[in-house]
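Undergrad: Handing you a structure now.
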Amino acid sequence: MNNLRVIYAVAKKDLSSLFRYPTWIISILIWPLIFPLMYIVSAIGFSGPDRSGLSTFKAATGTADIIGFIVIGTMVWMAVNLTMWNFGGYLRNEQMKGTLESNWLCPINKFAFLLGGGVISIVLSLIFSIVSVVEYRLIFGVHFTGNVFEWILIFLIIMPAVFGLGMVFASLVLWAKQVNAMVNVVRGLMMILCGITFPISIMPGWMQFLAKFMPFTYGIEAARQVMVKDKSIMEAGANILACLGEGAVLMIVGKIIFNMIENRVKLSGSLERF
Amino acid sequence: MRRWLIVIKARFLISMKMYFRYPINVIMTLFEPLMWITPFYFMGKTFSQDGNMTGFQKYTGNSDFVGFLVLGYMITSYVSTVFWSMGFSLREEMTQGVLESNWSAPVNRTTLLVSKSLFQFCATTFEVILTGIVCHFAFGFTITSNLLKAIGFLIPSLIGMIGIGMAVSALVLLAKDANPIIDLSNSIVAGLSGSFFPIKVMPKGLMFISLALPLTYIYDSSRALLINQEPLFSLKTEFLIIVASMFIFTILGSYVFSKVERRCRMLGNLGTH
């Protein structure tokens, strides 16, 4: 109960900060539109003015819907990216503002404090995903297959992995003291391995092997099966289970790493070090 | 003049110390080009048959999509430096609580701002060279022997970009929360200039905006000079556009920044978050 109060208090404080700087609303409306667009326009450029390259794309991906294929991959990437910056950099941001030590001195569970910092990321990721779907449906006329409940289910399936990774990340940042580089490593691995804009079958064998250790590879594939290729949740079952399983592992690893780092900063007294 | 040089030296050293204080930044330089280019690279592969991209060739004059992407990435690195190192540096100093004390020093604010990003430009040049090497081994990226000529096109472009950076900084002073502004303006400007796709792909309305952006000619001339792709206009015309925009942006940027800076002093809101 006490932990829930901590999570609530931290989330409430973050929401106040969020509404204090409303420029994020611009981001949330424009980013879902322009980030996938960069890849979509490139893909159109690659296909040529007569779209002659489209047949090879269809043979590789199983769909000629370039926009839908790319939007799904980039949507998951944006949710992870947002979580990495907000949730992953949460403790570091507190440190930069000089409030981490005073918060740490409170008689609360520190892990609950971290979880509270993640609430806002989940809310923002959800808004981001909804805005993406609405904008691409209305502006570009993309037809997403499946129904709203299946889409929400897909979102929920990806969340444990996103949250778990955020936990690992937020803890490691306390130790490495560098958010930017750490964010780039994580989102970079995802961009390279998870097939956000291409089918992973196009990569060399060793890269495909590594991709299997990323839950987002399965999450993106499941989302494409349901939202682009008109498959049912059951048909995407294998990918959903793999995504959930790896996501659960990440959450456990996140908790373990957080405990280790918490002990380490306490012993070395390095909480305030930059 | 002496005071000006002292400021530049001091700010250059501060930026350098902070950069090397986090050595992971340097390591990331090797990783970042792979991270940004790989999705485009494999996506390009899904459109190619036996290594040929006949569709893409119709837009650019040859099939070298790797060269197209890598050069796009390199120029975008400079654009990001302008937006992030100049625009964001003010916000960073605000958060760290040193902006007011720095601005209390008897030094021109424009000098303070520009000198802080000088090291970043040097670091970006180093990173661009590393990018070329990494991409050569990872994707087979190569260039022609027109490198010096391309640098001749790049230098006035960079000076013009500093002007844009000053205008962005002014915006940051007004809006306070800099990230969304910088992130969006950086991506929109780079995107519309054809950083990762031929601008001929875009609808006419957007292509018109692209042609009005001087950055378009920097991307285009670099690709024409270094990987023999067809330029939009003659290289002489593109060079004239770049030089003219250098003067326009430098004057406009410093004017906007000094106006906003004066406004902040009048309102006394430099320290408000």
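The values are calculated or read from the model by the stated rules, or taken from the named source; none is laboratory data. Because the structure is predicted, anything quoted here is derived from the model rather than measured. Neighbour counts are summed over all protein chains in view; Cβ atoms, including those assigned to glycine, are modelled from backbone coordinates with ideal geometry. All accessible areas refer to the heavy atoms of the entire protein, side chains included, with ligands and DNA or RNA removed. Shrake-Rupley method; radii C 1.70, N 1.55, O 1.52, S 1.80 Å.
Undergrad: Straight-line reach from residue A:229: which lysines fall under 28 Å, measuring Cα to Cα and dropping same-chain residues less than 8 apart?
TA: List returned: A:58, A:212, B:45.
Undergrad: Whenever you get a sec, line up B:1, A:96 from highest to lowest accessible area (probe 1.4 Å, protein heavy atoms).
TA: Correct descending sequence by accessible area is B:1, A:96.
Undergrad: Sticking with this one: Please tell me the relative contact order of chain B in percent, rounded to the nearest whole number, where contacts are Cα pairs under 8 Å and at least six residues apart.
TA: Working: 302 pairs, mean separation 75.0, N = 273.
Once divided by the residue count of chain B, the mean separation gives 27 percent.
Undergrad: Rounded to the nearest Å, what's the spacing between the alpha carbon centres of region B:180-204 and region A:113-170? Just the number, please.
TA: 25 Å
Undergrad: How big is the dipole moment of chain B about its Cα centre under a simple scheme where the beta carbon of each Lys and Arg is +1, that of each Asp and Glu is -1, and everything else is neutral? Debye, nearest 20, please. If you can, show how the numbers build up before the last one.
TA: Details: 21 positive and 13 negative charges, 177 e Å.
With Lys and Arg at +1 and Asp and Glu at -1, about 860 debye.
Undergrad: Could you sort out which of A:266/B:116; A:12/A:110; B:116/B:200 sit more than 25 Å apart by Cα distance in this structure?
TA: Numbers: A:266/B:116 35 Å; A:12/A:110 17 Å; B:116/B:200 37 Å.
Pairs exceeding 25 Å: A:266/B:116; B:116/B:200.
Undergrad: Kindly report the accessible area of region B:1-125 per residue (heavy atoms of protein chains, probe 1.4 Å, no ligands, DNA or RNA), in Å². Don't skip to the end; give the middle numbers.
TA: Details: 5400 Å² over 125 residues.
Counting only protein heavy atoms, the per-residue value for region B:1-125 is 43 Å².
Undergrad: What accessible area, summed over both chains, is buried at the B-A interface (1.4 Å probe, Å², nearest 100)? If you can, show how the numbers build up before the last one.
TA: Numbers: alone 14420 and 13710 Å², together 24170 Å².
Chains B and A together bury approximately 4000 Å².
Undergrad: Right, here's the next one. What size of dipole, in debye to the nearest 20, comes out for region A:1-85 about its Cα centre when the only charges are +1 on Lys and Arg C-beta atoms and -1 on Asp and Glu C-beta atoms?
TA: Computed charge dipole of region A:1-85: roughly 400 debye.
Undergrad: Let me ask something else. Using a simple charge model, +1 on the beta-carbon of Lys and Arg, -1 on the beta-carbon of Asp and Glu, nothing else, what dipole does region A:117-274 show about its Cα centre, in debye to the nearest 20? Let's see the in-between values first.
TA: On the way: 11 positive and 8 negative charges, 82 e Å.
It works out to roughly 400 debye.
Undergrad: Taking the Cα atoms of region B:233-273, what is the range of coordinates along each of the three principal axes, in descending order and whole Å?
TA: 49, 17, 8
Undergrad: Apply the Karplus parameterisation 6.51 cos²θ - 1.76 cosθ + 1.60, with θ equal to phi minus 60°, to every residue of region A:215-231 and state each ³J(HN,Hα) to the nearest whole Hz, in sequence, with x for glycine and proline.
TA: Listing the rounded values in order: x, 5, 4, 6, x, 5, 5, 4, 4, 5, 4, 7, 9, 10, 9, 6, 9 Hz.
Undergrad: Right, something else. Given the whole protein assembly as supplied and a 1.4 Å probe, what does the accessible area of residue B:259 come to in Å², nearest 10?
TA: Only protein atoms counted, so the area is about 100 Å².
Undergrad: Among B:102, A:52, B:153, flag the residue with its Cα farthest along the positive direction of the charge dipole of the protein assembly as shown, charges on Cβ as +1 for Lys/Arg and -1 for Asp/Glu.
TA: Ranked along the dipole, the leading option is B:102.
Undergrad: Of the options B:19, A:134, A:122, report the single residue whose Cα projects farthest towards the positive end of the charge dipole of the protein assembly as shown (beta-carbon charges: Lys, Arg +1; Asp, Glu -1).
TA: Checked the options; the winner is B:19.
Undergrad: With all protein chains present, calculate the accessible area of residue B:21 using a 1.4 Å probe and round the result to the nearest 10 Å².
TA: Rounded to the nearest 10, the figure is 140 Å².
Undergrad: Enter the Cα centre distance for the pair region B:130-148 and region A:244-261, rounded to the nearest angstrom.
TA: Cα centres, region B:130-148 to region A:244-261: 40 Å.
Undergrad: What ³J(HN,Hα) values, in whole Hz, does the Karplus curve 6.51 cos²θ - 1.76 cosθ + 1.60 give for region A:166-174 when θ = phi - 60°, with x put for Gly and Pro?
TA: Coupling constants for region A:166-174: x, 5, 4, 5, 4, 6, 5, 5, 4 Hz.
Undergrad: Any idea what the relative contact order of chain A is, in percent, if you count C-alpha pairs under 8 Å spaced at least 6 apart? All intermediate terms of the calculation are to be shown ahead of the outcome.
TA: On the way: 326 pairs, mean separation 72.9, N = 274.
About 27 percent, as a whole number.
Undergrad: Which residues' amide hydrogens lie under 5 Å from the amide hydrogen of residue B:49, considering only partners 5 or more residues apart or on another chain, with H built in the peptide plane?
TA: Amide H to amide H, under 5 Å and 5 or more residues apart or across chains, residue B:49 pairs with B:54.
Undergrad: Calculated FRET efficiency, residue A:212 and residue B:137, Cβ-Cβ r, R0 22 Å, to nearest 0.05? Please list the in-between numbers first.
TA: Details: r = 25 Å, r/R0 = 1.15.
After rounding to 0.05, the efficiency reads 0.30.
Undergrad: Continuing with the same structure: Mean Kyte-Doolittle of at least 0.5 and a Cα length of 30 Å or more along the axis: which whole DSSP H helices of chain B meet both?
TA: Working: long enough: B:24-45 (31 Å, 0.97); B:109-139 (43 Å, 1.14); B:147-175 (40 Å, 2.16); B:235-267 (47 Å, 0.95).
Span-like helices in chain B: B:24-45, B:109-139, B:147-175, B:235-267.
Undergrad: While we're on this one: May I ask which residue of A:2, A:86, A:75 lies farthest towards the positive end of the charge dipole of region A:1-111, with charges of +1 (Lys, Arg) and -1 (Asp, Glu) on Cβ and the Cα centre as origin?
TA: Positive-most Cα among the choices belongs to A:2.
Undergrad: Roughly speaking, what is the centre-to-centre gap between region A:178-230 and region B:46-93 when only Cα atoms are used, to the nearest Å?
TA: Between the Cα centres of region A:178-230 and region B:46-93 lies a distance of 21 Å.
Undergrad: Straight-line reach only, C-alpha to C-alpha below 19 angstrom: list the aspartates and glutamates that residue A:231 could link to, leaving out same-chain residues fewer than 8 apart.
TA: Answer for residue A:231, where 19 Å is the Cα cut-off: A:65, A:150, A:221, listed by chain and number.
Undergrad: Next up: Got a sec? What order do B:255, A:39, A:21 fall in by accessible area at 1.4 Å, biggest, i.e. largest, first?
TA: Values: B:255 130, A:39 0, A:21 60 Å².
Sorted by accessible area, descending: B:255, A:21, A:39.
Undergrad: Further question on the same structure: Could you name the aspartates and glutamates whose alpha carbon sits less than 13 Å from that of residue B:236, not counting residues in the same chain fewer than 8 places away?
TA: Qualifying aspartates and glutamates at Cα under 13 Å: B:220.
Undergrad: Kindly report, to the nearest 10 Å², the accessible surface of residue B:265 as traced by a 1.4 Å probe over protein heavy atoms only.
TA: We get 140 Å² for residue B:265.
Undergrad: While we're on this one: Keeping every protein chain in place, order B:125, A:197 by accessible area at 1.4 Å, biggest value first, i.e. largest first. Provide the component values of the computation, followed by the final result.
TA: Details: B:125 55, A:197 0 Å².
The most accessible residue leads, giving B:125, A:197.
Undergrad: Let me ask something additional. Once you list every other residue whose beta carbon is under 14 Å from the beta carbon of residue A:233, what net charge do they have if Lys and Arg are +1 and Asp and Glu are -1? Intermediate results must be reported in sequence, preceding the final value.
TA: On the way: positive: A:224, A:229, A:231; negative: A:150, A:221, A:230, A:235.
Result for the neighbourhood of residue A:233: -1.
Undergrad: Nearest 0.05, what FRET efficiency do residue B:269 and residue A:99 give at R0 = 25 Å with Cβ-Cβ as r?
TA: Details: r = 22 Å, r/R0 = 0.90.
According to the calculation, E is roughly 0.65.
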